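K.L.:
Here it is: the structure, laid out below.
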Amino acid sequence: MLFSYRNELRRDLIGLPVAGPAFRFGCGIFETIFFNGSRPCHLDEHVGRLVNSLRELEIAFQEIDFAETIEGVVKANGLWGQTVRVNIFYPVADEDAPAWPVVAAAAYLPAPKKIYRLDISPGPRESALCCHKTHNRMDHFLSLRRARQAGCDEVVLLDRDGFVLEASGSSLLFARDGAFMTPSSPWKLPGIAQRIAQRAIGMDQKPIHLTDLAGFDHVYLLNSLIGARPAGRIGKWDFPVDWATCDALSRLIVPLD
């Protein structure tokens, strides 16, 4: 894989100093962006969230032309005209110097008719860092790995009081009697896909407890790669699939034209 770092195309590996914050503590911020064959979708919103996190966390960073760099990396990997997963990483290699972004691209094949099965994480998740897409997401990794070992595709994360936050890599959207809602909590990432869905269909933000799940008609996962996908099962609860809403939102979140 060819990627861009410090305005150069490099292959496969990036060197990080062992004494630096990125290596020692997983210090860094990242974004995942859908490239639809000709452009990175919702690039301004992704870069805006990325920059907001860097500034809030007081991480000095080097700015670059992301649109131009992404185009160069996609073409260098022979992926132009294909659907691609683009990542922007800002590893903090040296706390006394601005972080430089790594821009990487890999082929990505959407699965538009996948129905997700979700496990429920056994451990609570509460931290101010939950609002940022940090490199150090060990809790997400371990929860998702446990869910996959149990035969599921994703996992629902909860706070200490049993209120729903999000999935490990997606926002959650719930529907009841034709109305949409998403969990309100200070312990969740402000999702780009959720924001796009909000503008399209409107939704209430309210606390949703694990015990409330049985009362919903449909559940959806939202993220910038998959668009909107149905959750057919969460824990012991089954939900009918609403393809009409999934397809309509996916056309906005992951537009193919």
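K.L.:
Just checking, which of GLU8, GLU31, GLU71 is of a type outside the set (Phe, Trp, Tyr) and in contact with a Leu (Cβ under 6 Å, 6 or more places away or on another chain)?
P.N.:
Result: GLU31 is the single residue among GLU8, GLU31, GLU71 that is of a type outside the set (Phe, Trp, Tyr) and in contact with a Leu (Cβ under 6 Å, 6 or more places away or on another chain).
K.L.:
Do we find a residue being in contact with a Lys or Arg (Cβ under 8 Å, 6 or more places away or on another chain), surrounded by 13 or more Cβ atoms within 10 Å (Cβ to Cβ) and not acidic (Asp, Glu) anywhere in segment 3-22?
P.N.:
Initial filter on segment 3-22 (in contact with a Lys or Arg (Cβ under 8 Å, 6 or more places away or on another chain)): 3-4, 18.
Narrowing the set further to residues that are surrounded by 13 or more Cβ atoms within 10 Å (Cβ to Cβ) leaves 3-4.
From what's left, not acidic (Asp, Glu): 3-4.
Yes, there is a match, as at least one residue in segment 3-22 is in contact with a Lys or Arg (Cβ under 8 Å, 6 or more places away or on another chain), surrounded by 13 or more Cβ atoms within 10 Å (Cβ to Cβ) and not acidic (Asp, Glu).
K.L.:
So the check is Cβ under 7 Å with 6+ separation or different chains; which pairs have a first residue in segment 131-142 that's under 14 Å from VAL51 (Cβ atoms) and a second one that's part of a helix (DSSP H, G or I) and at pLDDT 90 or above?
P.N.:
HIS132/SER53; LYS133/SER53
K.L.:
A follow-up question, please. Return the residues of segment 52-70 that are farther than 21 Å from ARG10 by Cβ, touching a residue at least 12 places away in the same chain (Cβ under 8 Å) and outside any loop (DSSP other than H, G, I, E, B); say none if nothing qualifies.
P.N.:
Residues of segment 52-70 farther than 21 Å from ARG10 by Cβ: 52-60.
Now restrict to residues that are touching a residue at least 12 places away in the same chain (Cβ under 8 Å): 53-54, 56-57, 59-60.
Listed by number, the residues that qualify are SER53, LEU54, GLU56.
K.L.:
Which residues, taken from segment 87-103, are under 16 Å from the mean Cα position of the chain (by Cα) and under 10 Å from GLY28 (Cα atoms)?
P.N.:
PHE89, TYR90
K.L.:
Let me ask something additional. Is there a residue being among the aliphatic types (A, V, I, L, M) and closer than 21 Å to VAL254 by Cβ anywhere in segment 53-69?
P.N.:
yes
K.L.:
Residues that are in contact with a strand residue (DSSP E or B) (Cβ under 9 Å, 6 or more places away or on another chain), modelled with pLDDT of 95 or more and of a type in the set (A, V, I, L, M): find the strands (runs of 3 or more DSSP E) completely inside segment 114-186 holding 3 or more of those.
P.N.:
The qualifying strands (runs of 3 or more DSSP E) are 154-158, 164-167, 171-176.
K.L.:
Hey, does segment 75-85 have a residue that's under 26 Å from ILE226 (Cβ atoms), within 18 Å of the chain's Cα centre (by Cα), surrounded by 13 or more Cβ atoms within 10 Å (Cβ to Cβ) and of a type in the set (A, V, I, L, M, F, W, C)? I'd like the intermediate steps shown before the answer.
P.N.:
Just the residues of segment 75-85 that are under 26 Å from ILE226 (Cβ atoms), to begin with: 75-85.
With within 18 Å of the chain's Cα centre (by Cα) added as a condition, the list becomes 83-85.
Keeping just the survivors that are surrounded by 13 or more Cβ atoms within 10 Å (Cβ to Cβ) gives 83-85.
Within this subset, residues satisfying the condition of being of a type in the set (A, V, I, L, M, F, W, C) are 84.
Looking for residues that are under 26 Å from ILE226 (Cβ atoms), within 18 Å of the chain's Cα centre (by Cα), surrounded by 13 or more Cβ atoms within 10 Å (Cβ to Cβ) and of a type in the set (A, V, I, L, M, F, W, C), one finds at least one in segment 75-85, hence yes.
K.L.:
I'd like to verify a number: residues in segment 105-153 that are among the small types (Gly, Ala, Ser), within 30 Å of ARG6 (Cα to Cα) and crowded, with 19+ Cβ neighbours inside 10 Å, how many?
P.N.:
Here the count works out to 1.
K.L.:
Working carefully through the options PRO91, PRO98, find the one that is surrounded by 19 or more Cβ atoms within 10 Å (Cβ to Cβ), outside the structural domain of LEU210 (by TED's automatic domain parsing), within 22 Å of LEU50 (Cβ to Cβ) and in contact (Cβ under 8 Å) with a residue 24 or more places away in the chain. Step through it out loud before you land on a result.
P.N.:
Values: PRO98 fails: surrounded by 19 or more Cβ atoms within 10 Å (Cβ to Cβ).
Only one candidate qualifies: PRO91.
The values are calculated or read from the model by the stated rules, or taken from the named source; none is laboratory data. Owing to the predicted nature of the structure, the values given are computational and were not obtained by experimental measurement. Counting neighbours? That spans all protein chains shown, and the Cβs are built from the backbone with ideal geometry, glycine included.
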